[in-house]
Amino acid sequence: MIYTKLMGSIVKMRLASKLAFAILPGVILVATQALASPGRQTPQLNASVVDLGCFSWQQDEARNDFDYQCDNTYYPRATSADKSRLGDAYYYGDGVNQDYGEAAKWYRKAAIQGDAYSQFSLGYMYSKGEGVPQDAWLAHKWLTKAADRNFAAAQYSLADIYYYGDGVPVDYKKAVKWYRKAAEQNHAFAQYSLGFMYKQGIGLKQDYGQALKWLQKAADQGHPEAQASMGQMYLEGNGVDRNPATAFEWYFKSAMQGNAGAQNNIGYMYRTGLGVKQDMDRALMWYRNSARQGYATAQASLGFVYQRGIGVKQSFAKALRWYQLAGGQGELSAQFNLGLMYLEGMGVARNMNKAA
């Protein structure tokens, strides 16, 4: 059995100026721009004594933390960028005690001055209820402001809001609009989401060519769900000539990043020799990797190989265990085979009630 689990919930991640952004998936490093006066060193100060009317900072790359300086003569007032970076410092606990409430306060000050990153950060905090009461309307307000300033992470988050109907009516057309804007800025998650919508025909006309275009862009950045979707496109011949060998390559890239659905599919392809030389040892390895993540289809597949003794010593006890785990998650084939084992007494006492 083979199954590609399409991402039903796009991971919502923080895009911070000093952190890596993204999965699952290709790591996009976002460089930090330090706002320090040339030739001046900034000693580390206790945050409680920093006069924020003249706040400035610089990043110490060797230690990956922050030093603070206050000099009323040299820095007459804090800029929106200073306030935004102070919001970061409190959000992540860099050089100060982590405090979401303080982070929200300084993000808000910078957001009011039009800082797009702070508008995004404040919108994100309202969406999660971090340091502020959870408020879908305010999340939408601040994310929209940042998105209108062409901030890609905000555009992606706003698209998610419309796709899932978080505090607003579901609106796939608006979701497509904002995913596209972010995707055109090379945002991998938005590229995957836009490709998925083209592939499924959600909010626009189904178009495998456009789906392949955007999924490949995301997959080339290392997005694991996009890589798995590319595998499915090549396996099924959607918009491309069917090519199981190429499908295997894409599934393998995704599986190596821990994608449970791709790991299950790699297991299936090794078991059946589809697109790759048959190898039961590797098939079992990949099935187990997927099953240990709780992936029901892989658990059912392990139940099947143990029930039939395919490449392993037949074991009804192990088959029963894997079928029970998968069946408990609602996997239909596992539930059917589990019922069959109770009906025929395979490794268990016959039990018509459990069989039913």
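Read the figures in this text as sums done on the coordinates, not as results from a lab. Predicted, not measured: the structure shown is a model, and the values here were computed from it. Every residue, glycine as well, gets a Cβ built from its backbone with ideal geometry; the counts of neighbours run over all protein chains shown.
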(request) Within region 131-174, list the trypsin sites (Lys or Arg not before Pro) lying in a DSSP loop whose Cβ has at most 16 other Cβ atoms in a 10 Å radius. (result) Arg149
(message) I'd like the distance between the alpha-carbon centres of region 223-273 and region 330-355, rounded to an integer number of Å.
(response) 31 Å
(message) P(r) for region 206-297, please, calculated from all Cα pair distances in 10 Å bins and given in %.
(response) 20, 48, 27, 4
(request) May I ask for the Kirkwood hydrodynamic radius of region 306-356, worked out over all distinct Cα pairs and given in angstroms to one decimal? (result) 10.8 Å
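I'd like the FRET efficiency for Met280 and Lys205, computed as 1/(1 + (r/R0)^6) with the beta carbon distance as r and R0 of 41 Å, rounded to 0.05.
0.45
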(request) Order these peptides, 177-185, 95-103, 300-308, by their mean beta-carbon neighbour count within 10 angstrom, highest first. (result) 300-308, 177-185, 95-103
(message) To make sure I understand, if each residue's beta carbon is the centre and we count other beta carbons within 10 Å, what order do Arg350, Arg288 fall in, fewest to most?
(response) Arg350, Arg288
(request) Of the options Gly209, Gly303, Ala262, report the single residue whose Cα projects farthest towards the positive end of the charge dipole of region 192-349 (beta-carbon charges: Lys, Arg +1; Asp, Glu -1). (result) Gly303
(request) Please tell me which of these pairs span more than 31 angstrom C-alpha to C-alpha: Lys109/Lys173; Lys109/Lys217; Lys141/Lys253; Lys181/Lys277; Lys177/Lys253; Lys105/Lys217? (result) Lys109/Lys173; Lys109/Lys217; Lys141/Lys253; Lys181/Lys277; Lys105/Lys217
